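The values are calculated or read from the model by the stated rules, or taken from the named source; none is laboratory data. Every value quoted in this text rests on a predicted model; they were computed, and no experiment measured them. Every residue, glycine among them, receives a Cβ derived from its backbone with ideal geometry; neighbour counts consider all protein chains shown.
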Amino acid sequence: MLTLENVSLNYGSFTALDGVSLRAEQGELVVLLGANGAGKSSIFLTISGIHKAAGGSIRYGEKNLVGMKPSQIVANGVVQCPEGRKLFPGMSVLKNLMLGAYVHRADGAANRQRLDEVLALFPILDQKKDDPAGSLSGGQQQMVAIGRALMGRPKVLLLDEPSLGLAPLVIKQTFEVIQRINQAGTTVLLAEQNAFAALKIAHRAYVIESGRIVLEGDRESLMNNEAVRRAYIGA
């Protein structure tokens, strides 16, 4: 469904991605593991059209995403929830959520239905929809960020470090929601440093180091891989 083949990305003279190839099939939950600075966010920003690939191809179905504007990529069903949430703290929760539907702004009825679905997924946001997003807890702000991405009607959802800065109980709840989103039919590509929590809900995973994919496999093989456990799980 989403396929990267030999994708490279440069920041000036620095090679951020070096021949990255990966795929996420329809209905899969695929985890991208790697330390901070390994290239996870660079992959997402390149898929989303925010950074321009120096080489390789990025295909969603039969469509080539390379060269598309970010808004076109969202309209085609590939939506990113960025690392750090990137909310507008002074705006209400509701307005932050509705920004995610901007590319579909002409379809008011469908957007209202989608909003109802998002608020049903995150009931606390319905209670706080008129509050400034910046007044919410970290976990609630992450709900807003995921909800905003869902308002874009993703067929493929890119989640970049959703557990960052959250308490263990909130991380557990967040990953339960991500699994529910996937089980409802949305393909998920999840970038995470929290390997243990991520692999528990994954179908497959890739490990990236210094801009290169160095390992791939199903959940069981990576959970039982000694090098992965030592580097990312700590057991």
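Could you run through segment 21-55 and say how many residues are in contact with a helix residue (DSSP H, G or I) (Cβ under 6 Å, 6 or more places away or on another chain), assigned to a strand (DSSP E or B) and either hydroxyl-bearing (Ser, Thr, Tyr) or closer than 15 Å to Glu5 by Cα (or both)?
Residues that pass the stated criteria total 0.
Residues are listed down the side, and each one gets a yes or a no for (1) closer than 13 Å to Arg148 by Cα; (2) touching a residue at least 60 places away in the same chain (Cβ under 8 Å); (3) surrounded by 14 or more Cβ atoms within 10 Å (Cβ to Cβ):
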site: Gln80; (1), (2), (3): yes, yes, yes
site: Lys86; (1), (2), (3): yes, no, no
site: Leu97; (1), (2), (3): yes, no, yes
site: Gly100; (1), (2), (3): yes, no, yes
site: Val103; (1), (2), (3): yes, no, yes
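It is to be established whether one or more residues within segment 13-28 are more than 18 Å from the chain's Cα centre (by Cα), among the small types (Gly, Ala, Ser) and farther than 23 Å from Lys69 by Cβ.
Within segment 13-28 (the criterion being more than 18 Å from the chain's Cα centre (by Cα), among the small types (Gly, Ala, Ser) and farther than 23 Å from Lys69 by Cβ), the answer is yes, since at least one residue qualifies.
If you check Leu190, Leu115, Leu166, which single one turns out to be over 26 Å from Ala227 (Cβ atoms) and not in a loop (DSSP other than H, G, I, E, B)?
On the way: Leu190 fails: over 26 Å from Ala227 (Cβ atoms); Leu166 fails: not in a loop (DSSP other than H, G, I, E, B).
Criteria check complete, one pass: Leu115.
Out of everything in segment 35-52 that is modelled with pLDDT of 95 or more and aliphatic (A, V, I, L, M), what residue ends up being nearest to Pro154 (Cα to Cα)?
Top of the filtered list is Ile47.
Does segment 188-216 hold any residues that are on the phi > 0 side of the Ramachandran plot and of a type outside the set (S, T, N, Q), and which are they?
Correct list: Gly211 only.
Kindly indicate which of Gly84, Gly100, Gly77 is within 16 Å of the chain's Cα centre (by Cα), at pLDDT 95 or above and at positive phi.
Working: Gly84 fails: at pLDDT 95 or above; Gly100 fails: at positive phi.
Step by step, each of Gly84, Gly100, Gly77 is checked, and only Gly77 is within 16 Å of the chain's Cα centre (by Cα), at pLDDT 95 or above and at positive phi.
Please work out if Val118 is without any contact (Cβ under 8 Å) to a residue 60 or more places away in the chain, within 30 Å of Asp18 (Cβ to Cβ) and either among the hydrophobic types (A, V, I, L, M, F, W, C) or surrounded by 23 or more Cβ atoms within 10 Å (Cβ to Cβ) (or both). Steps first, please.
Details: without any contact (Cβ under 8 Å) to a residue 60 or more places away in the chain: yes; within 30 Å of Asp18 (Cβ to Cβ): no; either among the hydrophobic types (A, V, I, L, M, F, W, C) or surrounded by 23 or more Cβ atoms within 10 Å (Cβ to Cβ) (or both): yes.
No, not satisfied.
Would you check if Gly12 is farther than 21 Å from Leu199 by Cβ and either charged (D, E, K, R) or touching a helix residue (DSSP H, G or I) at 6+ places or on another chain (Cβ under 6 Å) (or both)? Break it down into steps so the answer makes sense when it comes.
Details: farther than 21 Å from Leu199 by Cβ: yes; either charged (D, E, K, R) or touching a helix residue (DSSP H, G or I) at 6+ places or on another chain (Cβ under 6 Å) (or both): no.
Taking the combined requirement at face value, the residue does not satisfy it.
Determine whether segment 126-136 contains at least one residue that is outside any helix (DSSP H, G or I), among the polar types (S, T, N, Q) and at pLDDT 95 or above. Show your work before the answer.
Pass one, segment 126-136, residues outside any helix (DSSP H, G or I): 128-132, 136.
Next, from what is left, pick out any that are among the polar types (S, T, N, Q): none.
No.
Which residue, of Leu199, Leu166, is in contact with a Gly (Cβ under 7 Å, 6 or more places away or on another chain), touching a residue at least 24 places away in the same chain (Cβ under 8 Å) and farther than 23 Å from Asn6 by Cα?
On the way: Leu199 fails: in contact with a Gly (Cβ under 7 Å, 6 or more places away or on another chain).
The conditions single out Leu166.
Report the residue count in segment 56-83 for those that are touching a Pro at 6+ places or on another chain (Cβ under 9 Å) and outside any loop (DSSP other than H, G, I, E, B).
Applying the first criterion (touching a Pro at 6+ places or on another chain (Cβ under 9 Å)) to segment 56-83 yields 74, 77-81, 83.
Still in the running and outside any loop (DSSP other than H, G, I, E, B): 74, 78-81.
Adding up the residues that qualify gives 5.
Output yes when any residue across segment 48-70 is within 19 Å of the chain's Cα centre (by Cα) and over 28 Å from Leu9 (Cβ atoms), and no when none is.
Within segment 48-70 (the criterion being within 19 Å of the chain's Cα centre (by Cα) and over 28 Å from Leu9 (Cβ atoms)), the answer is no, since none of the residues qualifies.
Hey, among the residues in segment 193-210 that are assigned to a strand (DSSP E or B) and touching a strand residue (DSSP E or B) at 6+ places or on another chain (Cβ under 7 Å), which one's farthest from Val31 (Cα to Cα)? I'd like the intermediate steps shown before the answer.
Step one: of segment 193-210, the residues assigned to a strand (DSSP E or B) are 204-209.
Filter again for touching a strand residue (DSSP E or B) at 6+ places or on another chain (Cβ under 7 Å), leaving 204-208.
On the way: Arg204: 6, Ala205: 4, Tyr206: 6, Val207: 8, Ile208: 11 Å.
It comes out as Ile208.
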